[in-house]
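The values are calculated or read from the model by the stated rules, or taken from the named source; none is laboratory data. Everything quoted here is computed from the prediction, not taken from an experiment. For neighbour counting, all protein chains shown are included, and Cβ atoms are generated from backbone atoms with ideal geometry for every residue, glycine included.
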Amino acid sequence: MNFIKTLLLIIILNLSFSEVVCENGQANGYPCNNIDLMSWIPLSQLGNPSNGNDIWGWVDPLTDDPYAILGLDTGTAFIRITDPENPIILGYLPTHTSASLWRDIKTYDNHAFIVSEAGGHGMQVFDLTQLRDLNGPNPITFSETAHYGLFGNSHNIVINEETGFAYAVGCDDCSGGLHMINIQNPSNPTYAGCYSEDGYTHDTQCVIYRGADTEYFGREICFSSNEDSVTVTDVTNKNNPTTISINGYDGSQYTHQGWLTEDHNYFLCNDELDEYYDGINTSTYIWDMTSLDNPVLINVHDHGTPNIDHNLYIEDNYVYQSHYTAGLRIHDISNISDGIMEEVAFFDIHPENNSTTFDGTWSNYPFFENNIIIVSGIGDNGFSESGGLFILEFNEPAYPQLSLGYDDAIMETTLGQGDFENYQLQLSNIGEEGSTLSYQVSSSSFTSDLGSDDFGNSWNNSDNDVEFNWIDIENISTPVNFTNNDSANGTIPIGFEFPIYGQTYSECSVNANGWLGFAGDSNAWDNTALPNTEVPGPALFPFWDDLNPVNDNCNQYCAGDVYYYSSDEMFVVTFDQVAHWWTGFENSFYTFQVVMYPSGEFHFNYLDLVGDFSSATIGMQNQNASDALLIGFNNSDAILDDNYAISVKQVPSWINVVNGTGDLSQGQSSTVSVTISAEDLNIGMYEAYLVVNTNDQDVTIPLVLNVNDGFQLPGDINSDGQLNVQDVVIVVTGYILVDQYSEIADMNEDGQLNVLDVIILVNIILGN
């Protein structure tokens, strides 16, 4: 049945073809999104080769006609695509020697330069202007214009059109490195130099570098994919090319090919075999190239499918990548500096599957105008619908633009206990016609968190916006005495009612193995992942491991003290130079602490971690071990460092967002209501964030809530119960200078805020 369907599809397409619009995720049986199928030429119409391979494009500078140059195992095909719905096959250039699956093509000065892995092939040169006056219907068999034979087989050819130099790579010369050719006179290419220091090069891109690294600005630099590394080479002097850097990465299997962003600050590359051998999803490696001496791998983008990735190219803010069985995938890289790629379109020429095989699309060429893209299909393994030339049109998405309006007063609210205040956010889409702005407004304890549990506890660390603040309690503390090295010794007072997972506790137990319990103890020395029923909850785990502090049954390996401090403002437990049990952890000592606050917020602070600190469990769990916030398990050395902090907070209950999710077409607006409430809150200051996430940009609004007993002293603008210079500064800078009014600062109650109010406030502070 599948054979019959395939045959019918080929017959239909051979009889006639007109544009097939991508609708409901399909275009003539091919899965798609934002890409239409303009036309398809199967291998059967291209001389019936066994398979296709590389593809490149050329635009005639005289006529502006665009051409597709398609590699075949038997040679090269030339197709005019002025009318993308009706391409014209003009002719073929046969291979120089024998057939080969691998053929590569680039263009310079109206000439095509073609290499192959066929033995003795060398580099063919073809004058593309021969195509100018041809109109079919009978394809011509061409002869090569010139031939370069200083190497035999070559995997790839790369050309820097600014300089007129070609670089053959993966050839049988120069150890497979950069074989440099002067092609400024295309019909007479000449040898220019060799770079072999890093051995075999699979692919490269050579440019006049205009990135951020001023040391190399204006020099000719090659960015090469060298099987196990990204290698950066200065080839300005062809007689003396020099290595700038050789950059490996974890998980490399076959560094295949890559391309620079247009500002030359980032290099995106693919690894052809990491999916095949490691069983991972398709991955794109994103390199920061602002320092060529020390490139940094800032992210590995997970595409979510297991297929193998192949050639990628970058045009404007899009990366166009061929993914063998998953077809052409287009990603928006507007935020590539943050390591972000967002898929906006795809066309899958191999609808049969997305398997980890070398079927489907080989390459693509995205550099034509009018969003026309040409794609080459291999067409092997009997799946003939995926072979040949595909001419596609990218429907570039219309981009939304967020306009956000709100009263600045939302950023600092003062309320009496039980009171509330309502605010409004105005969201509008002022973007391109046809765009949709999707938004979600929510409250958060952090500008962004690194994870959360079902209850709403979330965490962040010193790598983001958490400040390390060690609380030194040594001289004001009470020691914790242990009867052995695997349990607690009773309970100790916290100093306030600490809320955790919906309940409050005034006491806790401190276990010698680096955790705190609120409803029981355990002698479980062998830490596990969370949640864990062996340890009674709720519990906090700053560093749960087999620790050996000083105890009543101390052995020769025990070391370090544990002590605590209680007040109505904070509760602190410090583990001071506590030893790990010696087996496998000789000379390992840890200094860390837990700091708890009445709000339910707590910090894990790590002052000094000596030796091996790889095996701890970090996090928290609830009463019945049905919910947990697992921060780390047996990977603590990758998470922690000296002078390091982890903060855990709950989603702020005092913020309520109404109508916080929706979609806005271009020109539409929506109002989001935000209520800030002091109901059930103790007197004090509370901090949180209002996060506006959209598909245009994200906005974070800091919120401060000051809760008092309902009476606020006139002039006490910061609600700390005192009149002092801080209030004067806030009144002047935060209100008068920005023309804002505050009733609490209006000392003479004349409805205005000015210098007279400041004079009155200063006199009160001075006691006059």
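Numbers for the structure displayed
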| read-out | value |
| --- | --- |
| Filter result (among the hydrophobic types (A, V, I, L, M, F, W, C), more than 35 Å from the chain's Cα centre (by Cα) and part of a strand (DSSP E or B)) within the range 579-608 | Ala579, Phe589 |
| Cross-chain or 6+ apart pairs with Cβ under 9 Å, the range 743-768 first and closer than 21 Å to Thr413 by Cα, then of a type in the set (Ser, Thr, Tyr) and surrounded by 16 or more Cβ atoms within 10 Å (Cβ to Cβ) | Ile744/Thr414; Ile744/Ser719; Ala745/Tyr735; Leu753/Tyr735; Leu753/Ser742 |
| Some residue of the range 55-62 being modelled with pLDDT of 95 or more, assigned to a strand (DSSP E or B) and either farther than 29 Å from Ile159 by Cα or in contact with a Leu (Cβ under 6 Å, 6 or more places away or on another chain) (or both) | yes |
| Search result, residues across the range 630-639 that are farther than 13 Å from Trp544 by Cβ and either among the acidic types (Asp, Glu) or surrounded by 18 or more Cβ atoms within 10 Å (Cβ to Cβ) (or both) | Asp637, Ile639 |
| Residues being out of contact with any Pro (no Cβ under 8 Å at 6 or more places or on another chain), among the acidic types (Asp, Glu) and farther than 16 Å from Asp642 by Cα - total across the range 564-603 | 2 |
| Residue check, Ala625 assigned to a loop (DSSP other than H, G, I, E, B), touching a Ser or Thr at 6+ places or on another chain (Cβ under 6 Å), of a type in the set (A, V, I, L, M) and not assigned by TED's automatic domain parsing to the domain that holds Asp720 | yes |
| Residue check for Phe383: surrounded by 19 or more Cβ atoms within 10 Å (Cβ to Cβ) and modelled with pLDDT under 95 | yes |
| Selection from the range 181-204 of residues that are surrounded by fewer than 22 Cβ atoms within 10 Å (Cβ to Cβ), in contact with a Gly (Cβ under 8 Å, 6 or more places away or on another chain) and within 20 Å of Asn156 (Cβ to Cβ) | Asn182, Cys194, Ser196, Glu197, Asp198, Gly199, Tyr200, His202 |
| Residues of the range 710-742 satisfying the condition of being over 19 Å from Asp407 (Cβ atoms), surrounded by 17 or more Cβ atoms within 10 Å (Cβ to Cβ) and without any contact (Cβ under 8 Å) to a residue 24 or more places away in the chain | Asn718 |
| Any hit, the range 122-138, residues being within 21 Å of Cys269 (Cβ to Cβ), buried (at least 16 other Cβ atoms within 10 Å of the Cβ) and in the same structural domain as Asn240 (by TED's automatic domain parsing) | no |
| Among (1) touching a Lys or Arg at 6+ places or on another chain (Cβ under 9 Å); (2) crowded, with 16+ Cβ neighbours inside 10 Å; (3) under 30 Å from Ala398 (Cβ atoms), the one test that Asp263 misses | (2) |
| Subset tally (residues that are buried (at least 20 other Cβ atoms within 10 Å of the Cβ) and of a type outside the set (A, V, I, L, M, F, W, C)) for the range 496-520 | 6 |
| Residues that are surrounded by 15 or more Cβ atoms within 10 Å (Cβ to Cβ) and either in a strand (DSSP E or B) or over 25 Å from the mean Cα position of the chain (by Cα) (or both), drawn from the range 640-649 | Tyr644, Ala645, Ile646, Ser647, Val648, Lys649 |
| Residue match in the range 576-584 (condition: assigned by TED's automatic domain parsing to the domain that holds Asn523, buried (at least 20 other Cβ atoms within 10 Å of the Cβ) and out of contact with any Leu (no Cβ under 8 Å at 6 or more places or on another chain)) | yes |
| Close pairs from the range 304-328: first free of Cβ contacts under 8 Å to residues at least 24 places away in the same chain, partner not polar (S, T, N, Q), Cβ under 7 Å, at least 6 apart | Asn317/Asp332; Asn317/Ile333 |
| Any hit, the range 359-369, residues being at negative phi, touching a Ser or Thr at 6+ places or on another chain (Cβ under 7 Å), at pLDDT below 95 and surrounded by fewer than 19 Cβ atoms within 10 Å (Cβ to Cβ) | no |
| Qualifying residue in the range 650-666 (condition: part of a strand (DSSP E or B), at pLDDT 95 or above, in the same structural domain as Pro536 (by TED's automatic domain parsing) and touching a Ser or Thr at 6+ places or on another chain (Cβ under 8 Å)) | no |
| Pair list, Cβ < 7 Å and 6+ apart or interchain, from the range 512-541 residues that are without any contact (Cβ under 8 Å) to a residue 60 or more places away in the chain and closer than 18 Å to Asn489 by Cβ to residues that are of a type in the set (Ser, Thr, Tyr) and not in a loop (DSSP other than H, G, I, E, B) | Gly517/Ser509; Phe518/Tyr505; Asp521/Ser509 |
| Checklist (1) in contact with a helix residue (DSSP H, G or I) (Cβ under 7 Å, 6 or more places away or on another chain); (2) not in a loop (DSSP other than H, G, I, E, B) applied to Gly251, failing item | (2) |
| Residues of the range 321-338 that turn out to be of a type in the set (Ser, Thr, Tyr) and surrounded by fewer than 24 Cβ atoms within 10 Å (Cβ to Cβ), as a count | 2 |
| Tally of residues being touching a Lys or Arg at 6+ places or on another chain (Cβ under 9 Å) and at pLDDT 95 or above across the range 570-605 | 1 |
| Matching entry among Ser50, Ser44, Ser98, Ser18 (being out of contact with any helix residue (DSSP H, G or I) (no Cβ under 9 Å at 6 or more places or on another chain) and at pLDDT below 95) | Ser18 |
| Cys269, sole failed condition from (1) free of Cβ contacts under 8 Å to residues at least 60 places away in the same chain; (2) crowded, with 17+ Cβ neighbours inside 10 Å; (3) not in a strand (DSSP E or B); (4) not β-branched (Val, Ile, Thr) | (3) |
| Conditions (1) free of Cβ contacts under 8 Å to residues at least 40 places away in the same chain; (2) part of a loop (DSSP other than H, G, I, E, B); number of the one not met by Ser175 | (2) |
| Leading residue by the ranking (surrounded by the most Cβ atoms within 10 Å (Cβ to Cβ)) among those in the range 205-254 that are closer than 27 Å to Thr282 by Cβ and either free of Cβ contacts under 8 Å to residues at least 24 places away in the same chain or acidic (Asp, Glu) (or both) | Glu227 |
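Let's see how each residue does on (1) in a helix (DSSP H, G or I); (2) outside the structural domain of Thr413 (by TED's automatic domain parsing); (3) basic (Lys, Arg):
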residue	(1), (2), (3)
Met685	no, no, no
Pro702	no, no, no
Gly721	no, yes, no
Asp727	yes, yes, no
Val732	yes, yes, no
Gly751	no, yes, no
